[in-house]
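Peer 1: Take this structure, written in structure tokens, and hold onto it; I'll ask about it next.
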């Protein structure tokens, strides 16, 4: 085995939210087009650390493995990214793997991102249809609007934009770029626009759009290349216009 | 009046649609899912959703959609419900459109349609190359709205273990395990709708997501819910090989003009783009001039296998053929296929707009699934309903591209109100069932966990699973030979023996993914035998089921549905006739007009 | 999470006010201040004339407090509170925007401290009667000089980056292109203020008046 290439991986472990965190190092056999998920699977099959100590398999979230379900976001060499598309050959070794730091930890690399789904509720991120019975076609939408809306609707709720945002932390319940961008998407739709003012109002609440401080990390970190800063700017404009108008007209 | 309650297990398209419909019927619904429902496998569907709206003036009709579906499925599907589905499809598209799905549009602001495999019409509505994701999100958003109104309660980190079935053989709820606390609990309900999706993990690597293990279907099977047509497994012709997953390269790549070819010279050394046209073998176009690159999936898959294994023409001598979109204008590619081309670029580091993609077939979909009646998605156990990929009803022996999304939404849309109606009509609801029924089921499941956690053994579940996947992929996918199937079945039995000696490397009781996987693996092994035995018995070739020793379809003996039953802890195969009351079976050929 | 949490709260208003006061009146005052003090580049006499003009405006105290001191205090004080609610991570994500985010906080603090000191020395100690001579004398102290330079650079940077932030955060520059243009505009403002500010300092320090030729020959 001397001539086979090894991959050194360091994983931050934590048995539960109450337990202390610790690091474990693993040495794995390199294979072509290996990604971080394959590393974690190799460890699960043979959970022995580099110095020969037996340990438990690593708990982590994953599902589609093609960067569209949003499950496997974690910190890889200090950066928030999807583990499935993190190719070992493109990473500096030892590869450091940690859980996202801005969400409550469950175990090892598993975190609870329920906050994002609750935020979607808060901003009414849906189209208010009357019912699923047959009511004919939807409103016509120009290809131009579709081409703007489609990229926004690609958001996979992975949480990368929250993870990298300096304004998201234990003192600050900022909803984050993804949610603001969803507000833009639903306000853009002819039927969705019927809830526009409620959505904008929700974004003026605690943790609302005002918490954005324009560091613009979100747009760099987004694995789906969503124009998040553009969304924030546009929604910001809509919010203050509505606020000003509301203040002027009582 | 008694307030009924419904449980939905599975939060993909079918489960979400069922949930919405139950909520609309005014019945409280609890939705169980292993992952937050927005992360369900439906997001992986790429190409589109079929509906004969005839928006390109080609004279398309729902009858033609129906005929294409039945014909594509090689006449194994019961016809009346398929007809209803095709008739409902345009309405489903309208509904999704109203829900705000960002479908691609024509300059007039109408929905755009593309061509897909197995049809000659532009019948497939699409949202870029991530249609499944867009559809799932639309339903997810509606469910979230109902959740905000307290009509739906979600359990999004919970795995289904078993149904709670009373002495009268009626389902009264479920037993589920919280994947964080590992706590086993029972939940009473008057009816349960299963929408637990695909079974890809049974084949080791597939185009499916990690959660698509078929474990729930298998658990139900072992509780007396019949499983139909398990042997019909769709292998998608074009996937990107990978060690963790075979990533799908959507049929839409061919729908938009992508061409499949190999160099005519097996020793070809030149880069693909410098190989002149005359020296390229566009084998699908040559063999199937009418449908060309858009023949149904089973046909394309076998053609690629033939090219690679018999003609020895695989690219660079490997198991791969070219899927070429480099001749399509960049602007079109970016507008219509960006999502899928990005996947290729991201995972292989090669730009498919410049360099033809290398692809190979991969296990993709199960046409077979939980047996349901031809009426309202009810299974043979009262109170249990099934919808989506986990049931068997709509695709016969082979599914046409872009028909799965429509069958999920249609099936879920039927199951919801049917379950609600059943629950309302029940004289005695789940609340009147003595708690001992629930406690007994809970105890049975807890004991299973305890045994797994405490036993000392020598086998690793992941090692068993890897070996298992290789066996299934090699012998129970594209080409089936009886002696190999027998061998595969025997090997699965030995794996079942080895499973009894597994040793969990994690014995903790908090977020223990090893324990959950071990439980799934046991169920997967049983379902794999259902598939293998079904394939072994069916001595004919039909749709995705291909036996070189029996190369023809045999309607006289095999125009029938396989219905597997669990009797005395063993698998028994029974058969029932197919409802062919609407279209008379005819030979299925794609090299000429049908 | 309940829906009552969606009610607007005062933090929105205060944040918008913070952003707005940075431009008006604080940014505008800074522009005016640099403009007036540039008269030192012409001659000490011209500087004293302009100073006296400003020192004798009607309602001086009200204008000073209402349009300068209070908005500045609010902008600075609330800015510090905002800083405490953020957590810089520029070492992990060293992107340009993130650097600006972090530097905006430090330059804000420096500028706030500097302006406080500057007001104390040039406004309070002089009872609002500061002259060219006072300032020129202060500038002979190398520590004073250094603090002046640092303060001017920090304020100029803070204003330039603040303009960029303002244009983005109010949605006046939304698209990637518009935000890039806003960034360039902010950079031009920052650099211009820095240069002019340094020139003014040099003028006091070295009794240097490059525009003295503008004066009519006597």
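The values are calculated or read from the model by the stated rules, or taken from the named source; none is laboratory data. Small disclaimer: the values here were computed from a predicted structure and weren't measured. Methodologically, a virtual Cβ is constructed for each residue, glycine included, from the backbone with ideal geometry; neighbour enumeration extends over all protein chains shown.
Peer 1: Can you name the condition, by its number, that residue C:77 falls short on among (1) surrounded by fewer than 18 Cβ atoms within 10 Å (Cβ to Cβ); (2) over 20 Å from residue C:115 (Cα atoms); (3) more than 14 Å from chain A (Cβ to nearest Cβ)?
Peer 2: (2)
Peer 1: If I filter the stretch A:208-231 down to residues being in contact with a strand residue (DSSP E or B) (Cβ under 7 Å, 6 or more places away or on another chain) and facing chain C (nearest Cβ under 8 Å), which single residue comes out as nearest to residue C:99 (Cα to Cα)?
Peer 2: Restricting to residues being in contact with a strand residue (DSSP E or B) (Cβ under 7 Å, 6 or more places away or on another chain) and facing chain C (nearest Cβ under 8 Å), the top hit is A:221.
Peer 1: Now for a different question. Just for the stretch C:167-177: of the residues that are surrounded by 21 or more Cβ atoms within 10 Å (Cβ to Cβ) and more than 11 Å from residue A:232 (Cβ to Cβ), which one is nearest to the other protein chains (Cβ to nearest Cβ)?
Peer 2: Ranking the qualifying residues of the stretch C:167-177, first place goes to C:173.
Peer 1: Related question: For the stretch A:150-159, name all the residues that are in contact (Cβ under 8 Å) with a residue 12 or more places away in the chain and part of a helix (DSSP H, G or I). Can you show your working first?
Peer 2: So the first thing to find is which residues in the stretch A:150-159 are in contact (Cβ under 8 Å) with a residue 12 or more places away in the chain, and the list is A:151-159.
Across the stretch A:150-159, the qualifying residues are A:151, A:152.
Peer 1: Among the residues in the stretch B:27-45, are any surrounded by fewer than 20 Cβ atoms within 10 Å (Cβ to Cβ) and touching a residue at least 12 places away in the same chain (Cβ under 8 Å)?
Peer 2: yes
Peer 1: Scan the stretch B:411-462 for residues that are without any contact (Cβ under 8 Å) to a residue 12 or more places away in the chain and within 30 Å of residue A:41 (Cβ to Cβ) and jot them down.
Peer 2: Of everything in the stretch B:411-462, those that are without any contact (Cβ under 8 Å) to a residue 12 or more places away in the chain and within 30 Å of residue A:41 (Cβ to Cβ) turn out to be B:447, B:450, B:451.
Peer 1: Separate question: Quick one: residue B:539 ticks every box in (1) in a helix (DSSP H, G or I); (2) modelled with pLDDT of 95 or more except a single one, so which number is it?
Peer 2: That leaves (1) as the condition not met.
Peer 1: Just checking, which of B:264, B:205, B:254, B:302 is more than 22 Å from residue B:473 (Cβ to Cβ) and surrounded by fewer than 23 Cβ atoms within 10 Å (Cβ to Cβ)?
Peer 2: B:264
Peer 1: Which is surrounded by fewer than 16 Cβ atoms within 10 Å (Cβ to Cβ) and touching a residue at least 60 places away in the same chain (Cβ under 8 Å), of C:40, C:28, C:133, C:62?
Peer 2: Details: C:40 fails: surrounded by fewer than 16 Cβ atoms within 10 Å (Cβ to Cβ); C:28 fails: touching a residue at least 60 places away in the same chain (Cβ under 8 Å); C:62 fails: touching a residue at least 60 places away in the same chain (Cβ under 8 Å).
When all the criteria are applied, what remains is C:133.
Peer 1: So how many residues does the stretch B:468-518 have that are out of contact with any strand residue (DSSP E or B) (no Cβ under 7 Å at 6 or more places or on another chain), within 14 Å of another protein chain (Cβ to nearest Cβ) and assigned to a loop (DSSP other than H, G, I, E, B)?
Peer 2: 7
Peer 1: How about the stretch B:221-252: which of its residues are farther than 25 Å from residue B:559 by Cα and in contact with a strand residue (DSSP E or B) (Cβ under 6 Å, 6 or more places away or on another chain)?
Peer 2: Selection gives B:222, B:223, B:237, B:238, B:239, B:240, B:241, B:246, B:247, B:248, B:249.
Peer 1: Being at pLDDT 95 or above and at positive phi is true for just one of C:171, C:160, C:197. Which residue is that?
Peer 2: Being at pLDDT 95 or above and at positive phi holds for just one of C:171, C:160, C:197, which is C:171.
Peer 1: Could I ask something else about it? Of all residues in the stretch A:84-114, which are within 9 Å of another protein chain (Cβ to nearest Cβ) and under 30 Å from residue A:195 (Cβ atoms)?
Peer 2: A:112, A:113, A:114
Peer 1: So is residue A:147 crowded, with 22+ Cβ neighbours inside 10 Å and assigned to a helix (DSSP H, G or I) or not?
Peer 2: Criteria not met by residue A:147.
Peer 1: Looking at (1) touching a helix residue (DSSP H, G or I) at 6+ places or on another chain (Cβ under 7 Å); (2) more than 14 Å from chain A (Cβ to nearest Cβ); (3) part of a helix (DSSP H, G or I), which is the only condition residue C:143 fails?
Peer 2: (1)
Peer 1: Here are some residues: B:38, B:53. Which one is in contact with a helix residue (DSSP H, G or I) (Cβ under 9 Å, 6 or more places away or on another chain), part of a loop (DSSP other than H, G, I, E, B) and over 29 Å from residue B:229 (Cβ atoms)?
Peer 2: Numbers: B:38 fails: part of a loop (DSSP other than H, G, I, E, B).
Matching residue, one of B:38, B:53: B:53.
Peer 1: Scan the strands (runs of 3 or more DSSP E) fully inside the stretch B:113-213 and keep the ones with 3 or more residues being more than 12 Å from chain A (Cβ to nearest Cβ) and more than 25 Å from residue B:5 (Cβ to Cβ).
Peer 2: Of the strands (runs of 3 or more DSSP E) lying wholly inside the stretch B:113-213, those with at least 3 residues that are more than 12 Å from chain A (Cβ to nearest Cβ) and more than 25 Å from residue B:5 (Cβ to Cβ) span B:113-115, B:122-125.
Peer 1: Let me ask something else. Give the number of residues within the stretch C:80-113 that are part of a helix (DSSP H, G or I) and either more than 13 Å from chain A (Cβ to nearest Cβ) or under 22 Å from residue C:13 (Cα atoms) (or both).
Peer 2: Selection size over the stretch C:80-113: 17.
Peer 1: Right, next: Can you find a residue in the stretch B:56-65 that is within 23 Å of the chain's Cα centre (by Cα), surrounded by 24 or more Cβ atoms within 10 Å (Cβ to Cβ) and more than 14 Å from chain A (Cβ to nearest Cβ)?
Peer 2: yes
Here's the yes/no breakdown for (1) within 14 Å of chain A (Cβ to nearest Cβ); (2) modelled with pLDDT under 95; (3) part of a helix (DSSP H, G or I):
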position	(1), (2), (3)
B:520	yes, no, yes
B:530	no, no, yes
B:566	no, no, no
B:591	no, yes, no
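Peer 1: Right, next: Among B:319, B:362, which is the only one that is touching a residue at least 24 places away in the same chain (Cβ under 8 Å), assigned to a strand (DSSP E or B) and within 27 Å of residue B:473 (Cβ to Cβ)?
Peer 2: Just one listed residue meets the conditions, B:362.
Peer 1: Out of contact with any helix residue (DSSP H, G or I) (no Cβ under 6 Å at 6 or more places or on another chain) and buried (at least 22 other Cβ atoms within 10 Å of the Cβ): does that describe residue A:55? Please lay out each step first, then the result.
Peer 2: Values: out of contact with any helix residue (DSSP H, G or I) (no Cβ under 6 Å at 6 or more places or on another chain): yes; buried (at least 22 other Cβ atoms within 10 Å of the Cβ): no.
Judged against the criteria, residue A:55 is not a match.
Peer 1: Go through the stretch B:18-40 residue by residue and tally those that are facing chain A (nearest Cβ under 7 Å) and within 23 Å of the chain's Cα centre (by Cα).
Peer 2: The number of residues fulfilling the criteria is 6.
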